[in-house]
Each structure stands twice: as C-alpha cells, then as structure tokens.
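Comments concern the structure below.
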Amino acid sequence: MAKQLYIETVGCQMNMLDSELVVASLRKAGYVVVDTPAKADTILFNTCSVRQHAEDKIYSALGRLKHAKKYNPNKIIGVLGCMAQKDQKLIFERAPYVDLVVGPGQLHQIPELIEKIGQGAGQQLEVSLDRKAGSREEIEQSFESYDPLRDPQMRPTPFQAFVRIMIGCDKFCTYCIVPSVRGPEQSRPAAQIVAEARQLADEGCREITLLGQTVNSYRHTAAGHTSRLSDLLAQLHDIEGLARLKFVTNYPKDMTDDLLAAVRDLPKVSTYLHVPAQSGSNRILQRMKRGYTVEDYREMMARIRETVPDSSVTSDFIVGFCGETDEDFDQTVELVRESRFKNSFIFKYSERPGTKSVQLHADDVSEEVKRRRNNDLLAVQNAISEEDNQPFIGRRVEVLVEGPSKAAQRHDDGSEQLQLVGRTPCDRIVVFDGNRRQVGQLLDVTVYDANAFTLFGSIVTAHVGPEVYTL
Ligand code: 5AD
Ligand code: SF4
C-alpha cells in the first residue's frame with residue numbers, strides 16, 4: 001500500500017511553494033497525501049519563525065502528537081523550514097519523538113532522510129550553515145534553492161503557481177530572523193526561471209507569482225548580461241498561455257523607475273505592489289535599520305502613483321517595536337492615512353532570539369500597548385479600504401476565477417449555480433454567482449456592492465456599449 005503523507009504549512013508563500021516541492025518529491029517516492037495526521041505514516045510541519053506565536057503553535061501541535069507516536073512508533077514526524085533552521089537540535093530536546101529536522105536550504109534531502117529513518121538510522125538533522133560559519137561562498141552553497149520538481153495538486157489552484165526568483169535576504173533589518181534562517185540573498189538565473197514558467201504555462205497555469213524576500217532586488221548576470229526584475233517580467237510576458245504576472249515582496253529602496261515602467265507597460269503584469277513600510281517614524285525606521293526614511297517612502301509612493309495611477313499598494317507594519325512612543329505611532333498612523341494602501345498587514349513586534357534588535361534595544365512596549373496600537377492602526381486602514389472600494393461600484397472589472405467562495409453551497413435542487421471568488425488585476429477579491437466551468441477563466445464582472453475586504457458583482461453576459469476596463 002502507498003505510504004501516507006500529511007503536511008501542514010504555516011507562514012509565507014515561500015513556505016507554500018516549499019511544501020509543493022517536498023510533496024512532489026515524496027509523491028515520486030510513492031507517497032499519497034492524506035488530510036489528517038491520524039491517517040498518516042509521515043507527518044511533516046513546514047514552519048515559520050518570523051514571530052514567536054507561529055513557533056508556539058508548532059510546538060503545541062507537536063505536543064499533541066506525543067501520544068500518537070507512543071501508540072505507533074513507526075510514524076515519522078518531521079519539522080521543516082525556518083524553525084528547523086533556527087532551533088535545530090533544540091527541537092529534538094523539546095520533542096524527543098521528532099524524527100526529522102530539515103532547514104529550508106536542505107529540503108531536497110527529505111526523501112532520502114525519511115528512507116534512512118525507515119531503515120532504523122534514528123533521528124536526522126539537516127540544516128544549512130549559520131551566517132557566520134564560513135565564507136560567503138560556503139554559506140551560499142549550503143542553501144540549495146531546490147526548484148525543479150513541481151506538483152500541480154499542491155498549488156493554490158491548478159492555474160496559479162508560485163515561482164521563486166530569489167532565495168535568502170541580505171538586508172538584515174534588526175527585528176528580522178529571515179536572513180539567518182533563509183541564508184544569503186541569491187538570485188536564480190533568468191533562463192531557469194523562464195523555462196520553469198514556460199513549463200507551468202504548458203501545464204495550464206494562467207497566473208504566476210514571482211517570489212523573493214526582496215523580489216525587486218532581483219539581479220542576475222550571465223554571459224556578461226545582467227537581468228533585473230523588469231527584464232525578467234518582459235521575458236515572462238511573452239509566454240503564451242500566461243495571463244497574469246505578480247511579484248512579492250518589494251523592498252522600498254529598490255522600487256526603481258524601470259520596474260514601475262514595466263508594470264505600466266506590460267498588460268499581463270498586475271497593478272498590485274506589496275511594499276512594506278514597517279513604520280512611519282524615522283527614529284523607528286533607523287532602529288529597524290530599514291535603510292530609508294519616511295520621506296524616501298513618500299517619494300516612492302509619489303512615483304508609483306504618477307507612473308501607475310491605477311495601481312493598488314499594500315504594506316506591512318510592525319507596531320510596538322523597541323522604544324516606539326505614542327508620537328512615533330502617530331506618525332505611522334499618518335503615513336497610513338495619506339498613503340491609502342489597499343490593505344496593510346499589521347503585526348505586533350515579537351522579539352526574535354539572535355536578531356540585532358535583541359542586542360541593541362529592550363522590547364519595552366507592553367503587550368497591552370502593542371495590542372491597542374495594532375487595533376487602532378487596523379481600524380484606520382479598514383476605513384480607508386472600505387472607502388477606496390466604493391468607487392468600484394458600477395464598474396466592470398476583469399476577474400481571474402479562483403474557485404467556489406467559502407460561503408458557497410450547492411443549491412438544494414442540485415443546480416450548479418455557485419458563489420465564486422476571484423481577483424482583479426489589482427488583487428481585489430470579487431465574489432459573484434457562476435458555475436464550476438468558469439473556474440480558471442478570466443471573466444468580466446460588474447460590481448454592485450463593496451465592503452472593506454470584498455467586491456460583490458455579477459458576471460457580464462451581454463456586451464453593451466464600448467468595453468472600458470477598470471482595474
Ligand atoms: N515581529 C513582528 N513582525 C515581524 N515581521 C518580521 N519580523 C517581525 C518580528 N520580529 C513582519 C514584517 C514583515 C512581515 C513578513 O512580518 O512586517 O514585512
Ligand atoms: Fe526581513 Fe528586512 Fe529581509 Fe524583509 S528585507 S526578509 S524584513 S531582513
């Protein structure tokens with residue numbers, strides 16, 4: 001009988017892609033994927049270290065498996081990804097029944113490691129070098145980018161895929177664990193990326209999202225020719241079958257004019273830019289070592305609005321960073337007010353062992369103040385999101401249909417009218433009635449209502465008057 005695999009993924013899109021690749025390699029080794037840990041022979045957690053909360057959740061999920069392992073000692077339990085790289089042996093100490101700990105740079109070894117464990121070799125640990133444990137070249141080589149194998153069934157949908165264009169990060173923002181767990185910044189060769197995208201398009205993918213921690217810092221030189229993200233987008237734009245190209249996450253300082261021109265000029269490139277600001281206070285930005293001032297960020301926003309006027313910009317903010325005063329926070333609120341982001345992801349600062357901010361500053365904002373600032377900033381952002389969605393009412397938008405919406409239910413008479421969900425090129429969520437055959441298609445939808453998070457619409461069936469798209 002086929003071996004059964006259960007995999008749980010938390011964290012960012014990079015992790016979702018890593019899980020897709022791990023599943024692809026294990027399917028090749030004879031595994032099938034099951035939907036509960038109880039049915040599985042092998043249970044894997046692909047983990048995140050960006051905040052303490054994400055780690056706590058994994059340690060308690062591991063705690064719940066202690067008895068399962070006692071009852072069935074042949075079950076293989078593995079911890080993959082960023083927490084594996086960060087905690088390494090500590091995971092075996094905290095949960096001795098874990099068999100496998102594999103960092104994000106070593107995932108290609110998983111089938112072999114599982115086989116070894118099956119043969120009685122005991123606990124296996126494979127991680128990359130620490131950032132100070134060798135020369136730059138040695139450390140780079142210890143992080144494998146691991147991309148060739150794909151698994152359509154593990155994608156967000158069969159027609160949407162992630163493609164990694166870079167690994168690692170060299171920005172070393174003082175709060176952030178990513179540069180130490182995901183290693184040095186390395187861009188993949190453009191030719192490799194284009195080949196992978198072509199293969200995905202041949203398999204029926206319509207939308208590709210390019211991934212990198214600072215995706216717009218992409219730069220790769222081969223045979224004396226340097227490709228930037230704008231060059232890569234132009235090349236990918238020519239691939240037949242692809243309808244949409246997105247890229248996340250952007251670093252404000254690298255939001256260059258050539259990239260904005262590419263977003264403006266290439267119709268398949270989504271007019272959606274995720275560019276985290278993190279704070280609206282120069283004092284805090286400096287403590288975070290973000291490498292820009294709030295004036296630089298404003299100047300960047302002005303260039304975005306000027307070059308791509310109909311674009312949607314989203315941001316991340318950390319509230320309650322070390323030493324953040326009410327005045328600092330007010331400046332963040334001010335930046336959110338004037339920037340009119342489509343939405344913002346807001347996080348309470350979570351101290352990460354081994355990061356620069358632990359050495360430099362005390363985590364001195366109370367949990368209560370962090371919570372209050374989080375709620376306050378979210379309220380300001382949500383009011384803006386709701387307001388800026390209103391002008392969509394009455395407009396026609398182009399939607400890539402992703403599937404049935406969560407609220408969808410089959411009608412009692414068995415008819416196929418479903419509530420579907422999709423996205424506009426500017427990444428707004430649209431909900432509308434349709435049928436299953438429309439999943440994966442690009443459709444025109446007229447919007448009749450909107451709240452802060454969703455546009456509600458109906459599919460345009462008759463063509464009346466000239467076609468005018470809005471984004
Ligand atoms: N605490 C809270 N939020 C963090 N982020 C990164 N590190 C931390 C931390 N230590 C946030 C940043 C980043 C997003 C992915 O997570 O806002 O953009
Ligand atoms: Fe972390 Fe800063 Fe790199 Fe983003 S740019 S991954 S916040 S170190």
*At each listed q (0.17, 0.23 Å⁻¹), what is the log10 of I(q)/I(0) that the Debye formula gives for the stretch 301-390 modelled as equal alpha-carbon point scatterers?*
-0.77, -1.10
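Ordering Lys370, Lys3, Lys57 from largest to smallest accessible area (1.4 angstrom probe), what's the sequence?
Lys57, Lys3, Lys370
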*asked:* Given Cβ point charges of +1 (Lys, Arg) and -1 (Asp, Glu) and nothing else, what value in debye, to the nearest 20, does the dipole of the stretch 3-132 about its Cα centre take?
replied: 280 debye
*From phi via Karplus (6.51, -1.76, 1.60), per-residue ³J(HN,Hα) for the stretch 280-290 in Hz, x at Gly/Pro*: x, 10, 4, 4, 6, 4, 5, 5, 7, 6, 7
*Based on DSSP H runs of at least 4 residues, each adding -39500 (n - 2.57), what is the mean residue ellipticity at 222 nm of the chain after dividing by all its residues, to the nearest 500 deg cm²/dmol?*
-10000 deg cm²/dmol
_Could you derive backbone 3J(HN,Hα) for the stretch 34-46 from the dihedral phi with the Karplus parameters 6.51, -1.76 and 1.60 (θ = phi - 60°), listing whole Hz in sequence and x where the residue is Gly or Pro?_
10, 9, 9, x, 4, 7, 8, 7, 10, 10, 10, 10, 9
*Express as a percent, rounded to the nearest 5, the fraction of DSSP beta bridges in the chain (both residues included) that run antiparallel.*
40 percent
_Dipole axis of the chain (+1 Lys, Arg; -1 Asp, Glu on Cβ), positive-most option in Leu377, Tyr6, Val401_ = Tyr6
_Net charge within 13 Å of Pro184 by Cβ-Cβ distance, Lys/Arg positive one each and Asp/Glu negative one each, not counting Pro184 itself?_
-2
*Hey, what's the stretch 3-132 come to in accessible area per residue, 1.4 Å probe, Å²?*
45 Å²
*Near Gly457, within a Cβ-to-Cβ distance under 15 Å, what is the net charge of the other residues, with Lys and Arg +1 and Asp and Glu -1?*
-1
_Rounded to whole Å, sorted largest first: equivalent-ellipsoid semi-axes of the stretch 3-132, Cα gyration tensor_ = 20, 17, 15
*At what distance in angstrom do the alpha carbon centres of the stretch 1-68 and the stretch 344-398 lie from each other?*
28 Å
*asked:* Rounded, prolate or oblate, given the Cα gyration tensor of the stretch 21-93, with a/c below 1.5 counting as rounded?
replied: oblate
*asked:* Students often get this wrong: which residues of the stretch 354-395 have the backbone nitrogen under 18 Å from the point 7 angstrom along Cα-to-C-beta of Arg337?
replied: 373-388
*Order of 282-288, 358-364, 298-304, 238-244 by packing, highest average Cβ count within 10 Å first?*
282-288, 298-304, 238-244, 358-364
*Specify which residue in the list Gln123, Thr293, Leu107 is farthest towards the positive end of the charge dipole of the chain, using unit charges on the beta carbon of Lys, Arg (+1) and Asp, Glu (-1), about the Cα centre.*
Gln123
*asked:* If you scale each eigenvalue of the Cα gyration tensor by 5 and take the root, what three semi-axes come out for the chain, rounded to whole angstrom and sorted largest first?
replied: 35, 30, 24
*Using a 4.7 Å Cβ cut-off, which Cys residues in the chain lack a partner cysteine?*
Cys12, Cys48, Cys82, Cys169, Cys205, Cys322, Cys426
_Test of understanding: what is the full-extension gain from Glu306 to Glu8, defined as 0.36 nm times their sequence separation minus their Cα-Cα distance?_
103.1 nm
*Calculate one ³J(HN,Hα) per residue across the stretch 384-394 by plugging θ = phi - 60° into the Karplus curve 6.51 cos²θ - 1.76 cosθ + 1.60, and present them in order as whole Hz with x for glycine and proline.*
5, 4, 5, 4, 6, 7, 4, x, 6, 4, x
_Based on alpha-carbon centroids, what's the gap between the stretch 194-222 and the stretch 70-97 in Å, whole number please?_
32 Å
*Say a paramagnetic label sat at a point 7 Å from the Cα of Phe172, along Cα to Cβ; which residues of the stretch 280-294 have their backbone N under 18 Å from it?*
285-292
*asked:* Between Asp265 and Ala121, what's the calculated FRET efficiency when r is the beta-carbon distance and R0 is 56 Å? Round to 0.05.
replied: 0.55
_Test item: Cα-centred dipole of the chain, Lys/Arg +1 and Asp/Glu -1 on Cβ, debye_ = 1060 debye
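Note down the magnitude of the dipole of the stretch 301-390 about its Cα centre, charges +1 on Lys and Arg C-beta and -1 on Asp and Glu C-beta and zero elsewhere, to the nearest 20 debye. Intermediate results must be reported in sequence, preceding the final value.
Working: 12 positive and 19 negative charges, 73 e Å.
For this selection, approximately 360 debye.
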*Shape call for the stretch 122-170 from the C-alpha gyration tensor, a ≥ b ≥ c root eigenvalues: rounded (a/c under 1.5), prolate (a/b greater than b/c) or oblate?*
oblate
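The values are calculated or read from the model by the stated rules, or taken from the named source; none is laboratory data. Model, not experiment: these values are computed from the prediction. Cβ sites come from the backbone with ideal geometry, for glycine too, and all protein chains shown count toward neighbours. Surface areas here come from the heavy atoms of the whole protein model, side chains and all, with no ligands, DNA or RNA. Shrake-Rupley method; radii C 1.70, N 1.55, O 1.52, S 1.80 Å.
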